[in-house]
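Each remark here refers to the structure printed beneath this line.
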Amino acid sequence: MGEIKDLAEVHNLVSDIFHYPKTAEEWEKYKLSDDQVSHFHEYGYVSGIKLLEEDQIEVLRKELAEIRDPNHPGHHLFYEFHSNESEDSNSVLFHSLGHWRISKAFHDVLWNPAFVMAAHQLLEYKPVRFWHDQLFSKPAKHGGVVAWHQDYSYWTRTVAMQHLTCWTGLDDASTENGCLHYIPKSHLWGLLDAPSLAGDMNGLMAYLTEEQKAEFKPVPIELKKGYGTFHHPLMVHGSYENKSEISRRAFVLNVFADGTVSNTDDELLKGVPPIPKGKQMQGKFFPLLYKNK
Ligand SMILES: O=C(O)CCC(=O)C(=O)O
């Protein structure tokens, strides 16, 4: 592989793995039902959304294997790269941010029509702007945990809170291989302190009231590969170890409604020029993914 282009320069599809709809009729088939949207608002999440076909999963898996190599020529474009972020020396959790700049397939999933349409609906029909991507990969047998947390507790450098997360599996995810778990309705608990993401699974417990502890009833989100789950920025979620024979690879897309502003003069993501406090999040690194038609 030679010199690599920074795909953040391109704000449309660069490969042929997705077809971008041209008509309102074509968009229609990607819409969530009213019941799915209501479920999201009531419980803080909606799961079981088909986002990828088999051939798209195969391309993403192949590109994931390539970009995991620290010698990949695009490596310097990652915002974060942790071959193993786990704080438990017996476990492995691969976690990265910024691969949309390096891999054509992980670039193009941002514009996946099934993703952007659902995000638009869940963000109260506002235009959808990209924040950042993440990869969470747990190997078979010794995959590490992702501790209970709320995404927005790591994102207060951007305001207002009008963010959304979409998690998609590249393997079937089950309780055996460390699928995501939610605490339904915890999006109504307000903002809690942020624990160490790949440290003690129960680090968050120190910040909960007795009432919240009593309501702490994790629900496993078991999903076939290619299916996704969307959650609210205050949803308490986490995932247990993978001791099974099957890996658990997944990618995450984080977006916010257009109009979100920077809350700091510091760098927002590593290597990204700062956006002054109070100024809109926009530009090369924060493309608009869907605007109202
Ligand atoms: O993949 C996981 O287990 C954790 C994902 C996560 O924390 C997220 O989607 O925000």
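The values are calculated or read from the model by the stated rules, or taken from the named source; none is laboratory data. As the structure is a prediction and not an experimental result, all values here were calculated from the model. Here the Cβ positions follow ideal geometry from the backbone for every residue, glycine too, while neighbour counts run over all protein chains shown.
Of the residues that sit in region 88-132 and are more than 30 Å from D35 (Cβ to Cβ) and of a type in the set (F, W, Y), which one is farthest from the chain's Cα centre (by Cα)?
This residue is F94.
For H181, which of the numbered conditions (1) more than 11 Å from the ligand (Cβ to nearest atom); (2) surrounded by fewer than 23 Cβ atoms within 10 Å (Cβ to Cβ); (3) over 19 Å from S96 (Cα atoms) fails to hold?
The number of the failed condition is (1).
Do the conditions hold for H82, that is, is it touching a strand residue (DSSP E or B) at 6+ places or on another chain (Cβ under 7 Å), more than 17 Å from S15 (Cβ to Cβ) and either at pLDDT 95 or above or within 15 Å of the ligand (Cβ to nearest atom) (or both)? Before you say what the answer is, go through the steps one by one.
Working: touching a strand residue (DSSP E or B) at 6+ places or on another chain (Cβ under 7 Å): yes; more than 17 Å from S15 (Cβ to Cβ): yes; either at pLDDT 95 or above or within 15 Å of the ligand (Cβ to nearest atom) (or both): yes.
In short, yes.
Provide a single number: the residues in region 125-156 that are in contact with a His (Cβ under 9 Å, 6 or more places away or on another chain) and either surrounded by fewer than 20 Cβ atoms within 10 Å (Cβ to Cβ) or closer than 24 Å to P218 by Cβ (or both).
Adding up the residues that qualify gives 13.
Restricting the search to region 273-293, which residues are assigned to a loop (DSSP other than H, G, I, E, B), of a type in the set (S, T, N, Q) and at pLDDT 95 or above?
Going residue by residue through region 273-293, those that are assigned to a loop (DSSP other than H, G, I, E, B) are 273-279, 281-287, 291-293.
So of that shortlist, the ones also of a type in the set (S, T, N, Q) come out as 282, 292.
Q282 - this is the single residue of region 273-293 that is assigned to a loop (DSSP other than H, G, I, E, B), of a type in the set (S, T, N, Q) and at pLDDT 95 or above.
Inside region 15-50, can you point out the residues that are surrounded by 15 or more Cβ atoms within 10 Å (Cβ to Cβ) and either over 25 Å from A173 (Cβ atoms) or among the hydroxyl-bearing types (S, T, Y) (or both)?
First, the residues of region 15-50 that are surrounded by 15 or more Cβ atoms within 10 Å (Cβ to Cβ): 17-18, 21, 27, 30, 32, 36-37, 39-40, 43-47, 49.
If the condition is that a residue be surrounded by 15 or more Cβ atoms within 10 Å (Cβ to Cβ) and either over 25 Å from A173 (Cβ atoms) or among the hydroxyl-bearing types (S, T, Y) (or both), then P21, W27, Y30, Y43, Y45, S47 are the ones that fit.
Which of the helices (runs of 4 or more DSSP H) contained wholly in region 1-73 include at least 1 residues that are at pLDDT below 95?
Numbers: elements: 24-28, 34-43, 54-67.
Passing ranges, in order: 24-28.
Checking the conditions here, which among S239, S244 is farther than 29 Å from L32 by Cβ, touching a residue at least 24 places away in the same chain (Cβ under 8 Å) and not aromatic (F, W, Y)?
Values: S239 fails: farther than 29 Å from L32 by Cβ.
So the residue among S239, S244 that is farther than 29 Å from L32 by Cβ, touching a residue at least 24 places away in the same chain (Cβ under 8 Å) and not aromatic (F, W, Y) is S244.
Kindly indicate which of E80, E9, E53 is over 19 Å from the mean Cα position of the chain (by Cα) and surrounded by fewer than 19 Cβ atoms within 10 Å (Cβ to Cβ).
Result: E9 is the single residue among E80, E9, E53 that is over 19 Å from the mean Cα position of the chain (by Cα) and surrounded by fewer than 19 Cβ atoms within 10 Å (Cβ to Cβ).
Suppose the filter is away from the ligand (no atom under 12 Å from the Cβ), over 24 Å from L52 (Cβ atoms) and not acidic (D, E); does S262 pass it?
Numbers: away from the ligand (no atom under 12 Å from the Cβ): yes; over 24 Å from L52 (Cβ atoms): yes; not acidic (D, E): yes.
It is true that S262 is away from the ligand (no atom under 12 Å from the Cβ), over 24 Å from L52 (Cβ atoms) and not acidic (D, E).
Quick grid of which residues meet (1) aliphatic (A, V, I, L, M); (2) crowded, with 16+ Cβ neighbours inside 10 Å:
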{"site": "C166", "(1), (2)": "no, yes"}
{"site": "L192", "(1), (2)": "yes, yes"}
{"site": "P195", "(1), (2)": "no, yes"}
{"site": "N202", "(1), (2)": "no, no"}
{"site": "K224", "(1), (2)": "no, no"}
{"site": "N263", "(1), (2)": "no, yes"}
{"site": "K270", "(1), (2)": "no, no"}
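Counting only residues that are of a type in the set (A, V, I, L, M) and touching a residue at least 60 places away in the same chain (Cβ under 8 Å), which one in region 184-222 is farthest from the ligand (Cβ to nearest atom)?
Taking region 184-222 and keeping what is of a type in the set (A, V, I, L, M), we get 188, 191-192, 194, 197-198, 201, 204-206, 208, 214, 219, 221.
Next, from what is left, pick out any that are touching a residue at least 60 places away in the same chain (Cβ under 8 Å): 188, 197-198, 221.
Details: L188: 18, L197: 7, A198: 10, I221: 10 Å.
My answer is L188.
For E66, state whether it is more than 18 Å from C166 (Cα to Cα) and under 15 Å from the mean Cα position of the chain (by Cα).
Criteria not met by E66.
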